[in-house]
Amino acid sequence: FRKVHTREPKSRVGFLLGLCFFATALHNGILGFGTLFFATSPGALSLVSIIAYPFLVIFAVLSLYTVYYIFLPHASPYFAIVATLMLGVGGLVASLNDLPRPFVTIEKGIDWDLNLLFALAMLYLFLISLSAFLYIFWQLFRRAETREIRILSFIITTTAVLGIVNVFVRLVVLHGAPASVRTTALDIGIGTLGAIFVIGFIVVPLVRGLI
């Protein structure tokens, strides 16, 4: 990365990446706790989805800014950031104009039943965020000098690719599909991503430690 060969103690790369992870953790955490405690309350679930949404916008803005900071230090990121914020505001307006109508499917999953404009705004925000992470960690994979960093960056790069595919399929390809199909696709996608993280960051390090 831009400052990998310097001794500057105040490099913001790690800090920015940490903020990105924190923002997406808040977004997913709010959705997770909301579905855990309010699964039987459509009104509360609708509110949960709206409360979580700004953290997705923050995740997208931070990811975009991080790419500029690392790879385009002399270019201004503000036009891209303002455009992303406008997209986020547009999605919020669309959600408030036509509130999500989440419900529990017969498979005991939750379908959020988003309107098309809100779904498209979320799609673009996810694409911005995950594409930024894909580019950052792919570059890290190419430049890393240690095996551990290459493995870490490869896992995150793979997860970003699968995340993009999962979001596109769920929010676009299956937007008009039956709720059970949408929910099943989302569950499979999230389960696959979770399995990759567990294997990559828990199982493999434990096995390597034992060997």
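Remark: accessible surface ordering of Y124, Y68, Y78, Y53 (largest first) is Y78, Y124, Y68, Y53, probe radius 1.4 Å.
A value for Rg/Rh (Cα atoms, Kirkwood Rh) was derived from the coordinates, and within the list (i) 1.00; (ii) 1.06; (iii) 1.57 it appears as (i).
Where does the charge balance sit around S46 when Lys and Arg score +1, Asp and Glu -1, over other residues with C-beta under 13 Å from its C-beta?
Combined, the nearby Lys, Arg, Asp and Glu give -2.
Label point 7 Å out from Q139 along Cα-to-Cβ: which residues of the stretch 66-94 have amide N under 15 Å? Backbone N within reach: 66-77.
List the GluC sites (Glu not before Pro) within the stretch 88-149 that DSSP assigns to loop and that have no more than 13 neighbouring Cβ atoms inside 10 Å. Kindly include the intermediate steps, with their values, before the conclusion.
Numbers: sites: E107, E145, E148; in loops: E107, E145.
When the GluC sites (Glu not before Pro) of the stretch 88-149 are filtered for loop state and at most 13 Cβ neighbours within 10 Å, E107, E145 remain.
Note that the chain presents 57 Å² accessible area per residue, ligands and nucleic acids not counted, probe 1.4 Å. Nonpolar atom fraction for the chain, defined as the carbon and sulfur part of the 1.4 Å probe accessible area, stands at 73 percent. Take every Cα pair under 8 Å whose residues are at least 6 apart in sequence, average their separation, divide by the length of the chain, and the relative contact order is 17 percent. Among the helices of the chain, those built from whole DSSP H runs whose Cα atoms reach 15 Å or more along their own axis and whose mean Kyte-Doolittle hydropathy is at least 1.6 are 13-37, 42-71, 78-97, 116-143.
The values are calculated or read from the model by the stated rules, or taken from the named source; none is laboratory data. This structure is a prediction, so every number in the text was calculated from the model and none was measured. All Cβ positions, glycine included, derive from the backbone under ideal geometry; neighbour counts span all protein chains shown. The area values use the complete protein model at the heavy-atom level, side chains included, leaving out ligands, DNA and RNA. Shrake-Rupley method; radii C 1.70, N 1.55, O 1.52, S 1.80 Å.
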